[in-house]
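Peer 1: Right, I'll just put the structure down here and ask away after.
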Amino acid sequence: MRLGFTQEDERFREQVSDWLADNLVGEFAKLKFRGGPGDEHMFFAERAAWEKQMASGGWIGIGWPEAYGGKACSLEQQVIFHEEYARAGGPGRVGHIGEGLTGPTLIAFGSEQQQRRFLPKILSGEELWCQGYSEPSAGSDLANIASKAAFYEDEGVWKINGQKVWTSLAHESDWCFVLARTDPASKGSRGLGFFLLELDQPGVEIRPITQLTGTSEFNEVFLDDAVCQADCLVGEAGQGWAVAMGLLGFERGVSTLGQQMLFQNELSEVIKIAKQNGAAEDPVIRQRIGDAHMGLKIMRYNSMRTLSANPGDGTLDRAALSYKLYWSSWHRNLGNLAMDVLGPDAELVEQQPYDLTRLQSLFLFTRSDTIYGGTNQIQRNIIAERALGLPKETRGKD
């Protein structure tokens, strides 16, 4: 793994930096450092417009192959982009699910027709995506999916019934990739299909979930004979688990570098306030800030190590399985540090709607980091069983 940057890379850095400086102005200036974890509900329309602004500059899909409309940027250049984007205060991306998950998955597993239909509108910022994995009984245990999909040959469509939950920004999205059972008698990871579902239709009901913060970026999605065209099944019926796992490999891919840059911005905000209010004079606080800084560096270098061995098909080095456990625990601890730096007054807020500061939102949101996407306990099982090859945990009978 090469951690340095060539002269060509540095010229690319200058190009990125200049474009951001020229474009994060005017109507977009207020978006700086907004839209991250716990703040995703803010300025959605403006951030959607920013997505199209990025598309006009050719900054969506920079790591995609040129054959699919991307720039085929090297790993080093993708790192540079995320560094400069965070340094400039680029807002949380509303198109990151499409660019980071849907697009790479269709490039790896999709048909030529699906690639022609969906990839251009992701790159142009015209269509936004959300993820339809979790269900009331299938969160950390994703293979417990209960949603069902049946094919109606006379109509040439699939109809999907079930419920998805914790679906981020579903109320603002155009499409959702959905995991559902094509074989109603199947169990576990067998008999699943991976579907591309249009959300604006009678068979889809989206209900916001109000959180501790008083905001509702998460949703419940109810599917009642939701129609999915036959050509919107990715891969074969019954083989959806392989596609779903490939997608999760992309989730642990280069997009993690952008996440880390957002973390750096949050840590920088904590440090700035600690200097302003005197909290930095406390040796324990200084030590915790130092630990947070070191933890973030470890996170970055480990990501670079695993990404350098990435073949581009959604599979990653086994070390990547440790990433979710590491970053969620680190981020939760950063939320604790933020509140201790702010002091006791930060624990007091007026009645709803809450006018939370950026760091108060960070603290409340990070309570969920070690739960969603697989709890810490589940992550430890995954590391033990899939990465280290240890015996599987004893499970009850079906």
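The values are calculated or read from the model by the stated rules, or taken from the named source; none is laboratory data. This structure is a prediction, so every number in the text was calculated from the model and none was measured. Ideal geometry is used to build each Cβ from the backbone, glycine not excepted, and the neighbour counts take in all protein chains shown.
Peer 1: Go through segment 118-138 and report how many residues are farther than 14 Å from Cys176 by Cβ and in contact (Cβ under 8 Å) with a residue 24 or more places away in the chain.
Peer 2: Count: 7.
Peer 1: Working only within segment 340-363, note down all residues that are in contact (Cβ under 8 Å) with a residue 12 or more places away in the chain and either surrounded by 19 or more Cβ atoms within 10 Å (Cβ to Cβ) or charged (D, E, K, R) (or both).
Peer 2: Scanning segment 340-363 gives Asp340, Val341, Leu342, Leu356, Arg358, Leu359, Gln360, Ser361, Leu362, Phe363.
Peer 1: Mind counting the residues in segment 79-124 that are part of a helix (DSSP H, G or I), in contact with a strand residue (DSSP E or B) (Cβ under 6 Å, 6 or more places away or on another chain) and over 15 Å from Gly35 (Cβ atoms)?
Peer 2: 3
Peer 1: Picking from Glu205, Glu266, Glu217, Glu281, which residue would you name as being acidic (Asp, Glu) and more than 30 Å from Thr357 (Cβ to Cβ)?
Peer 2: One residue alone meets the criteria, Glu205.
Peer 1: Here's another thing I want to ask about it. Would you please name the residue that is nearest to Gln259 (Cα to Cα), looking only at residues in segment 54-67 that are small (Gly, Ala, Ser) and part of a helix (DSSP H, G or I)? Before you say what the answer is, go through the steps one by one.
Peer 2: Quick first cut of segment 54-67, residues small (Gly, Ala, Ser) only: 55-58, 61, 63, 67.
Adding the requirement that they be part of a helix (DSSP H, G or I) leaves 55-56, 67.
On the way: Ala55: 20, Ser56: 23, Ala67: 27 Å.
Per the criteria, the residue is Ala55.
Peer 1: If you scan segment 164-191, which residues turn out to be among the polar types (S, T, N, Q) and either farther than 27 Å from Asp369 by Cβ or over 21 Å from the mean Cα position of the chain (by Cα) (or both)?
Peer 2: Those that are among the polar types (S, T, N, Q) and either farther than 27 Å from Asp369 by Cβ or over 21 Å from the mean Cα position of the chain (by Cα) (or both): Thr182, Ser186, Ser189.
Peer 1: Taking only segment 356-398 into account, find how many residues are closer than 17 Å to Ala138 by Cβ and β-branched (Val, Ile, Thr).
Peer 2: Of the residues in that region, 4 qualify.
Peer 1: Report, by residue number, each residue of segment 45-60 that is touching a residue at least 12 places away in the same chain (Cβ under 8 Å) and more than 14 Å from Val16 (Cα to Cα).
Peer 2: Hits for segment 45-60 are Glu46, Arg47, Ala48, Ala49, Trp50, Glu51, Lys52.
Peer 1: Output the number of residues of segment 13-53 satisfying the condition of being under 27 Å from Leu128 (Cβ atoms), touching a helix residue (DSSP H, G or I) at 6+ places or on another chain (Cβ under 8 Å) and either part of a helix (DSSP H, G or I) or of a type in the set (Gly, Ala, Ser) (or both).
Peer 2: Residues meeting the conditions: 18.
Peer 1: Something else about it: So Ala180 fits all but one of (1) in contact with a helix residue (DSSP H, G or I) (Cβ under 6 Å, 6 or more places away or on another chain); (2) surrounded by 20 or more Cβ atoms within 10 Å (Cβ to Cβ); (3) of a type in the set (A, V, I, L, M); what number is the exception?
Peer 2: Failing condition for Ala180: (1).
Peer 1: Filter segment 164-174 down to the residues that are under 16 Å from Ala226 (Cα atoms) and charged (D, E, K, R), then identify the one that is surrounded by the fewest Cβ atoms within 10 Å (Cβ to Cβ).
Peer 2: Checking each candidate, the answer is Asp174.
Peer 1: Tell me whether segment 145-163 contains one or more residues that are buried (at least 19 other Cβ atoms within 10 Å of the Cβ), outside the structural domain of Thr375 (by TED's automatic domain parsing) and within 17 Å of the chain's Cα centre (by Cα).
Peer 2: No, that holds for no residue.
Peer 1: Within segment 105-139, take every residue that is within 21 Å of Leu192 (Cα to Cα) and of a type in the set (Val, Ile, Thr) and give me the one that is surrounded by the fewest Cβ atoms within 10 Å (Cβ to Cβ).
Peer 2: My answer is Ile107.
Peer 1: Cβ-Cβ distance below 7 Å, separation of 6 or more or different chains: which pairs start in segment 9-36 with a residue that is within 20 Å of Leu359 (Cα to Cα) and end on one that is of a type in the set (Asp, Glu) and in a helix (DSSP H, G or I)?
Peer 2: Close Cβ pairs satisfying both conditions: Leu31/Glu46.
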